[in-house]
Amino acid sequence: MKGLILDQVLKEKILLGVEPYKKELTPRDTTLPSIREKAFAVIGMRRAGKTTFLHQCRNDLMKKGRRPEQLLYFNFEDERLSDLKLDQCALIAEIHERLFPREEKTLTTFFFDEIQRIDGWERFIRRLLDTSEYEIFLSGSSAKLLSREIATSMRGRAWEIPIYPFNFSEFLKHHKKEIPTTTTHLTSKKKLALDHQFTRFLKLGGLPEAQFLNVSDRLQLLQEYVDVLLLRDVIERHQITNVTALRWMTRRLLSNPAGLFSMTKFDADLKSQGIAVSRDTLYELLEHLKDTFLLNTISIASDSEKRRQVNPRKIYPVDTGFIPLFDRSGKANIGHALETAVFVELQRRRAEVAYVRNDDATEVDFLARYPNGKEHLIQVCTSLHDATTLQGEIHALQEARKCYPRAQRLILTLESHLALPEIPRGIKVLPAWQWMLG
């Protein structure tokens, strides 16, 4: 692209990029760290709302008194910039400075979207950070901005901000529903309303574009998400040749939410179908799928690496909306959706998560260890009004306490309006929505 034409294109994009964002936003419950001289890398699954979050951050800074012209949103996904080279990126800052001269000691914030389209973008960002005159937000395709690659490329100069599909609080905001200022002392009517909305949340999931679609359109949209993710973020990116094995693995994982997954058994199933693939390749495919943020796995809680390796992992999609897409049972799967939603919330809270298998073979759904050192043993159960189920949940928690005596014990359930049965001291029972809103 000739210099004069490039200058004109960049000037046009900069002038548009400093305009306030006019579309209505659903505020995300994500806070920014008070850290300087690092780029904020906004990462997450495709269509989870990363670009919208960048605009939210711009709006929040304007509300604090920052001028719009010092908050530039710049999207590199533009066919006019297809030939833009790394050494030309400096023009963005230069033209912005000419258009909006910066006062002394005034910080300029750049929100760079789809920056992965520029080869060597890391050097450009590091140079801007070294001047101490710029604050940088980055986002783009998860295929190019994986958290492990940001840490390597930016040499410790990036701070990750993961964006997930809506949590329950964001879901209520998006649907214009009241969020209680306190989750205790609610009337029965309000509890019933929250029970209803939480069940809707589990069925619809939290991906923004899927919220107001009918069932057929929603499932088609989510299927397209998965197809694009597999093609761009796995097959093309990693030059996968055994596409059949990848698709089999994706179906197996997403059709078994909150279930156990054994690589040994899956490998045997593939071979029985005449699909030849090495075990190492299967492990690589699983890691590629996790890198896309489509799903995640947890291992058994153990200090033994060997025990963690030989025991099956539990699988969770990033959003409950994917569960009916791959389910073939015809059942509601509300229990699996509830457990999945709890796991994703634990991820948001940056907990280290495992599942517990006691010596008597009973299990606890989650052992969550938080950055502040606290521990929770969590059982997830749709209903506690079956005596056998209740005793099983309690017994597993009591057994797990022998190994994790510091952990607070929780049972999260769907029900808030029914009287709870008698629960042993030291075990707390909460409606899952109350725990999430809390």
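Read-outs throughout are calculated quantities, based only on the coordinates presented, and are distinct from any laboratory measurement. As the structure is a computational prediction, the values presented were derived from the model and not from experiment.
A few comments on the model shown:
- Computed extension length for S272-E12: 87.8 nm, one decimal, from 0.36 nm per residue of separation with the Cα-Cα distance subtracted.
- Taking θ as phi - 60° and the Karplus parameters 6.51, -1.76 and 1.60, the scalar couplings of segment 24-38 work out to 6, 10, 9, x, 8, 7, 10, 9, 8, x, 8, 10, 10, 6, 10 Hz in sequence order, x denoting glycine and proline.
- Debye log10 I(q)/I(0) at q = 0.34 Å⁻¹ for segment 185-226, Cα point scatterers: -1.13
- Using C-alpha pairs under 8 Å with a sequence gap of at least 6, the mean separation divided by the residue count of the chain gives a relative contact order of 14 percent.
- Extension gain from T389 to L213, taking 0.36 nm per residue of separation minus the Cα-Cα distance: 59.8 nm
- The 3J(HN,Hα) values that the Karplus relation (6.51, -1.76, 1.60; θ = phi - 60°) gives for segment 355-364 are, in residue order, 10, 10, 10, 6, 4, 8, 6, 6, 10, 10 Hz. Gly and Pro appear as x.
- Entry for P(r) over Cα pairs in 10 Å bins from 0, in percent (calculated from the structure that is shown) out of (1) 4, 21, 31, 26, 11, 4, 2, 1, 0, 0; (2) 5, 22, 32, 22, 12, 6, 1, 0; (3) 4, 19, 27, 25, 16, 7, 2, 0: (3)
- DSSP bridge orientation in segment 258-417 - percent antiparallel, rounded to nearest 5: 70 percent
- Candidate lysines - alpha carbon under 19 Å from K203, same-chain residues fewer than 8 apart omitted: K173, K176, K177, K191, K331
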